[in-house]
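Worksheet: one structure, shown below.
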Amino acid sequence: MQYFEKQHFNELWDDSTLILDTSFVGLIKQSNPNQSKVMMDILSNRLNNIWIPNHVVQEYEQIKESDRFKTGPNGRMDAFYRRFSSLSGNEITDIKAVRNSLVKEMEREGHRELARIIMELPDENLFLNLLSEIEGGKEKVWAEFMELINTGAFDQFWSELVKKSGRPFTEDELRVIKADGNFRYHAVPPIPPGYKDKNKTEEKRYGDLIIWKQILAQIGTDDGSYIFVIADKKPDWFERDQNKIVVRPRRELDMEAKGKCPNADIHIVYFLDYLRFSTDHFFENMDVLIQHLEHDVLIRDDIIEYIENNLYELIEEDLQSIATDYKGCSWPDVVEDIEIFDPYWDNSGNICYEVKAGCTFEYVIDIEDRFDGPDDPKEEHCSGYASTNLTVKIPVEADEGRYNPNHLIVNKHDWEIIVDDVQINEITAPFEDEDQSPDEDQDDY
């Protein structure tokens, strides 16, 4: 994805403020129960860093009483029926187009079983087979959906989000925004966001723009980092490719944000990308976490960097013990031959890596003291090599999910690299042969 790199996301995981749009909040409730729990657990872990525009609260409060007819598996199937009934005829091409569109929406919301059943229906018998084929699958998924709803989990989650909302705009502020919206929506070309809603009723016409204005007002001159997560990928929020895949936020939004909030680092992220990037911190169970850590290239890179920066200090005492007759050792010129073996877990919950590493270093030798040299003092610089074995331990702390205890959320930025059990296999010292002088190989003149 071009507009937001995963590495940058990982850097912002701890310190950024997360802003949620109405579309994302609504999607959490209407998704497959397992996917809903995933999203709620991820967001609950970030609760102290969440802020919600007040208009998001107002919008969701208005729709939540009626959204039970639009959400969940029954809502998806109702939409399926409505779209088929709107067809002018029973042309196979029309059926395929509507079916493919609904399947994509079902998969996005996690209703993969319903999507699979519908995709496997023969085109020519679709209307005849629809009810009998999907009824069993729909009832099963619907039961799971209602089980989650009846627990009150989402209502509890929503009540916590409401506490994170900002102040509402005054009537005077709203009048100014609506006038600005009227200008933006009818400009050529129209100015985002919200112009795709210009044909809605006045009550809903300016919702996106009000939310955007509340975000800019909240951030103001702050110099923090913000991630605005939105499940609406209409072209007044995002630039999209020919397949309607999000490419980046509208550039006009970036420019307006920089103008209104010059010190802030603001990112507009499509919700699927946010969830995808969260996989470096969220794991469905311990087995998945272990598998991830065993193949995490970044951890190995961190270990290599740590060893390169600290290996001399770890073996300095041993080096000095063989250098008592010399002036001392310098820092290693090169840390080389670093080999990291497959990790294992110890009883304390640490992931451990056995590492082999070698380094070259220099001795400074006083020739007059060490050998029968000339009257004038003379120093000789010679190289040595140390081969080491060591164990690297990384304590892993994972928070359990609130809505599914098997879910694990970890913060890699808090991890500490601990080196234990350092062993030196071999140290080569200069002039190990006591009878050898530094000039032994030189010709006498």
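No value in this document is a laboratory result; all are computed from the given coordinates. On a predicted model such as this, the values are computed, not experimentally measured, just so you know. Methodologically, a virtual Cβ is constructed for each residue, glycine included, from the backbone with ideal geometry; neighbour enumeration extends over all protein chains shown.
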- Taking R0 as 22 Å, what's the FRET efficiency between residue 416 and residue 163 from their Cβ-Cβ distance, rounded to 0.05? 0.10
- Once you have the Cα-Cα distance between residue 3 and residue 221, take 0.36 nm times their residue separation minus that, and quote the gain in nm to one decimal. 76.1 nm
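Is there a pair in 64/258; 234/258; 64/234; 64/260; 6/37 whose C-alpha atoms are over 26 Å apart, and which pairs would that be? Intermediate results must be reported in sequence, preceding the final value.
Working: 64/258 34 Å; 234/258 22 Å; 64/234 22 Å; 64/260 32 Å; 6/37 23 Å.
Flagged as over cut-off: 64/258; 64/260.
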- Note on the structure: Using alpha carbon centers only, region 275-318 is separated from region 1-48 by a whole-angstrom value of 24 Å
- Item | Contour excess over end-to-end distance, with Cα ends at residue 48 and residue 292 and 0.36 nm allotted per residue | 85.2 nm
- Grab the Cα-Cα distance for residue 61 and residue 15, subtract it from 0.36 nm times how many residues apart they are, and report the gain in nm with one decimal. 13.6 nm
- Distance in nm between pseudo-label sites at residue 180 and residue 345 (7 Å out along the Cβ direction from Cα): 5.1 nm
- Item | Nonlocal amide H pairs with residue 228, under 5 Å, H built at 1.01 Å | 19, 267, 268, 269
- Message: Just to be sure I understand the model, the point goes 7 Å from the Cα along the line to the Cβ. What's the resulting residue 150 to residue 107 distance in nm?
- Response: 3.2 nm
- Given R₀ = 22 Å, FRET efficiency for residue 170-residue 258 by Cβ-Cβ distance, to 0.05? 0.25
